[in-house]
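Below is one structure; the comments refer to it alone.
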Amino acid sequence: SASDLEFTLDGIQTFRTEREVLGLGYNTQLVKAADLPNTWQELINSKWAGKVVVDPRGSYLSGLAVAWGQDQTVSWFQQLLQTDKPNVVKGATASMQKIESGEALLTTSSHDSETAEQQAKGAPVAIKYLDVVPTTDYYAAIMKNAPHPNAAACFLAWWGSPDGQATMFKNEFKRNLTDPPGLPAGAKLVPINTPDQAKVANSTADALAK
């Protein structure tokens, strides 16, 4: 609904144009979907040792802290490092390439958009959403005193329309769905929209990168 796409902060009304959704990327030829973990905690398992990819910057997993808090997230990540002994790979595309080649089986650096892009190329990859599902939301606003506010409003209306969204997906493989397909029952979507949420996520990203 329109209310899902609107967000007001400090009196400024914005419109969500994109939602990237984080999940667990995996190689569909080497891993059975039934064998995948259902929660982030279940990912901590020695059977995945050396088969998981994490990004050294911590930014991909920092959204978990909005649901768990920084201390719990850092503790979880330390357990993941000790148990899973993950491959450290910078960037979602590079991590997907590791998955495609079979050098690793799972990646914690996977968004729906990167997954869809690789699938379009025929890569044997998919994404599974776990119990906490961080999202990165992007918003647009019409600037005060814009020289052509009506044209901007028309463009923004088109951007949010099915035609505009289809064009964005065709060119960038990005969507703007509030609930992504495949979201498991009971999963908690965790957007980072407010300054307080961003502060927690940024602080946690720094802690995870140490």
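The values are calculated or read from the model by the stated rules, or taken from the named source; none is laboratory data. Small disclaimer: the values here were computed from a predicted structure and weren't measured. Methodologically, a virtual Cβ is constructed for each residue, glycine included, from the backbone with ideal geometry; neighbour enumeration extends over all protein chains shown. We work out accessible area using only protein heavy atoms, side chains counted, and drop any ligands, DNA or RNA first. Shrake-Rupley method; radii C 1.70, N 1.55, O 1.52, S 1.80 Å.
A few comments on the model shown:
- The alpha carbons of the chain stretch over 57, 39, 31 Å along the principal axes, in descending order.
- When you restrict to C-alpha pairs under 8 Å that are six or more residues apart and normalise by the size of the range 119-210, the relative contact order lands at 43 percent.
- Once you reduce the range 148-210 and the range 5-39 to the center of their Cα atoms, the two points are 9 Å from each other.
- Potential lengthening between residue 150 and residue 206 on full extension [0.36 nm per residue; Cα-Cα distance subtracted]: 16.0 nm
- Mean separation of Cα pairs under 8 Å and 6 or more residues apart, divided by the residue count, gives the chain a relative contact order of 36 percent.
- Label sites at residue 161 and residue 119, each approximated as a point 7 angstrom past Cα along Cα to Cβ, lie 2.7 nm apart.
- Between the residues 25, 138, 69, the greatest Cα displacement towards the positive end of the dipole of the chain, with unit charges on the Cβ of Lys, Arg, Asp and Glu, is found for 25.
- Here the dipole of the chain is about 380 debye; that uses its Cα centre as origin and unit charges on the Cβ of Lys and Arg (positive) and Asp and Glu (negative).
- Tail beyond 25 Å, pair distance distribution of the range 69-190 (Cα, percent): 42 percent
- For the chain, DSSP calls about 70 percent of its internal beta bridges antiparallel.
- Ordering of 193-202, 109-118 by burial proxy (mean other Cβ atoms within 10 Å per residue, highest first): 109-118, 193-202
- Taking the protein heavy atoms of the chain in the context of the full set of protein chains, the accessible area attributed to carbon and sulfur is 52 percent at 1.4 Å.
- Computed from backbone phi with θ = phi - 60° and the Karplus coefficients 6.51, -1.76 and 1.60, the 3J(HN,Hα) list for the range 127-140 is 10, 10, 8, 9, 6, 10, 10, x, 10, 10, 9, 10, 10, 10 Hz; x is used for glycine and proline.
- Calculated accessible area for the range 42-196 comes out at 51 Å² per residue, all protein chains present (probe 1.4 Å; ligands, DNA, RNA ignored).
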